[in-house]
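Comments concern the structure below.
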Amino acid sequence: MSVSGLPPYDDANIFARILRGEIPCKKVAESEHALAFRDINPQAPVHVLVVPKGRWVSAADFHAGASDAEIAGFWRLVGQVAKAEGLEPRGYRLLTNMGEEGGQEVPHFHVHVFGGRRLGRMVPATPGG
Ligand code: AMP
C-alpha cells in the first residue's frame, strides 16, 4: 500500500494493535474509517490522536492510496473531535509527524489534535528544542 520510498507498513505498530483491539485505548470517537483516542502522554489539556483504520504510514501515503471515502471519513472525524472537545471556535492545532526528521514515533499515519490552552510557537526555534 505504501508509495515508493517508505518502509513497508509494520503490522506490529502500537496503533495497529489498538485498532485490532489487542491493547486498550481511551476512545473519544469512532467512524467507519477512523478511530480517535486520547494520547497516553498528553502535551496539552486536550490531546487526541485520530488514526485512519487502513494501513498507512504517512500523510503522502494515505492521501495517494486511500479511497475518497476513507480520506473524507478520516478528516470528518478530525473535525468532529475538535468540536466535541470544545475546541471550536476557541482554537486548536492539528499536527502530523512523518519520519525521522519529523519525529514520528508510531509508523501509522495519525493527526494530533491539541487544545485547551494557548499553544505557543508552531515549531521549536532550536533543533530538538
Ligand atoms: P508521533 O511522534 O507523531 O508518532 O506520536 C505518537 C504519539 O503516540 C505520542 O504522542 C505518544 O504519546 C502516543 N502514544 C504511544 N503509545 C500510545 C498508546 N498506547 N495510547 C495512546 N497514545 C500513545
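The values are calculated or read from the model by the stated rules, or taken from the named source; none is laboratory data. Not measured: the values here are computed from a predicted model. FYI the Cβ positions are ideal-geometry reconstructions off the backbone, even for glycines, and counts take in every protein chain you see.
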Verdict on Ala125 being at pLDDT 95 or above and at negative phi: no
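Taking helices (runs of 4 or more DSSP H) that do not extend beyond the range 10-129, which have at least 3 residues that are without any contact (Cβ under 8 Å) to a residue 40 or more places away in the chain, of a type in the set (Gly, Ala, Ser) and exposed (fewer than 15 other Cβ atoms within 10 Å of the Cβ)? Break it down stepwise before answering.
Numbers: elements: 14-19, 59-65, 68-84, 99-102.
Answer list for the range 10-129: 68-84.
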From Gly86, Gly54, grab the single residue that is out of contact with any Leu (no Cβ under 8 Å at 6 or more places or on another chain) and closer than 30 Å to Gly5 by Cβ. Gly54
When you look at Val46, is it under 20 Å from Ile18 (Cβ atoms) and out of contact with any His (no Cβ under 8 Å at 6 or more places or on another chain), yes or no? yes
